[in-house]
Amino acid sequence: MDVFLFFALLVTAIALITAILMQSRGSGLGAAFGGGDTSFHTRRGVEARLYQFTIVLSVLFVVVSMLIYITE
């Protein structure tokens, strides 16, 4: 069971990193410190689905991490 949980955590972590990196198009280091474009826009299409998928992956990552902690 532990091997399955660790494998699930690894896959979830890699997928979460990939989803986050795919979202950060066009935002450089200057945007992180308050520079850059400050206008807001509505997420549509693929961008909205990727955002929702990232939320699901982050919740799944936390749940799997808690399961690993509980089962030890």
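The values are calculated or read from the model by the stated rules, or taken from the named source; none is laboratory data. This one's a predicted model, so the numbers in the text were calculated from it and none came from an experiment. A quick note on method: Cβ atoms are made from the backbone with ideal geometry, for glycine too, and the neighbour counts reach across all protein chains shown.
Out of the residues in the stretch 62-72 that are within 18 Å of V3 (Cβ to Cβ) and hydrophobic (A, V, I, L, M, F, W, C), which is surrounded by the fewest Cβ atoms within 10 Å (Cβ to Cβ)?
I70
Only one of (1) touching a helix residue (DSSP H, G or I) at 6+ places or on another chain (Cβ under 6 Å); (2) assigned to a helix (DSSP H, G or I); (3) modelled with pLDDT under 80 is not met by T12, so which one is it?
With (1) touching a helix residue (DSSP H, G or I) at 6+ places or on another chain (Cβ under 6 Å); (2) assigned to a helix (DSSP H, G or I); (3) modelled with pLDDT under 80 applied to T12, the lone miss is (3).
Based on this model, can you work out whether L57 counts as more than 9 Å from the chain's Cα centre (by Cα), hydrophobic (A, V, I, L, M, F, W, C) and either modelled with pLDDT under 90 or part of a helix (DSSP H, G or I) (or both)?
So L57 does not fit the description; no.
Anything in the stretch 28-54 that is of a type in the set (F, W, Y) and at pLDDT 90 or above? List them, or say none.
Hits for the stretch 28-54 are Y51, F53.
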